[in-house]
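Reviewing the structure listed below.
Every read-out reported here was derived from the displayed coordinates using simple, explicitly stated rules and does not represent laboratory data. A quick note: this is a predicted structure, and the numbers were derived from the prediction, not measured. For neighbour counting, all protein chains shown are included, and Cβ atoms are generated from backbone atoms with ideal geometry for every residue, glycine included.
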Amino acid sequence: MGASVIPFVIFTVLWGGIGIILPIFVPKGPNRGIVQVILMLTGVCCWLFWLCCYVAQMNPLIGPKLEQNIILIMAEKWGNAVTE
C-alpha cells in the first residue's frame, strides 16, 4: 500500500488554510496575537498528527507469528481452551 497524493494535498491545504490564512482575518483586539498563535499551532499540530497517522498506515506493524502449540497453551491459560 503506497501513499496517495490526493489526501496529502487536501489535508495540507485544509490545515495550511487554518494555520496560515485564518490568522490574517482575526479582528483587531487585545488578544489578537494570542488567537493568531493558537490558530497557527492548531494547524501545525493537527496536520502533523494527521501525517503521522497516515504514514503509519503505509507500513503497519504485524503481530508476532506464534506456533500452534503456543497459541493453544495461551488459550488454555486465558480460559479460552480450544477443542480439537
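For this structure, a couple of remarks:
- Largest GNM mean-square fluctuation among ASN31, ASN59, ASN69, using the chain with Cα springs under 10 Å: ASN69.
- Normalised contact order of the chain, rounded percent, pairs of Cα under 8 Å and 6 or more residues apart: 28 percent
- Acute angle (nearest 10 degrees) that the helix 5-16 long axis makes with the longest principal axis of the chain, alpha-carbon atoms: 50 degrees
- Among 73-80, 42-49, the order from most to least packed when residues are scored by Cβ within 10 Å on average: 42-49, 73-80
- Semi-axis lengths, largest first, of the ellipsoid equivalent to the chain are 49, 17, 8 Å, with √(5λ) applied to each eigenvalue of the Cα gyration tensor.
- Distance between modelled label sites at ALA56 and VAL82, nm, 7 Å Cα→Cβ extension: 2.9 nm
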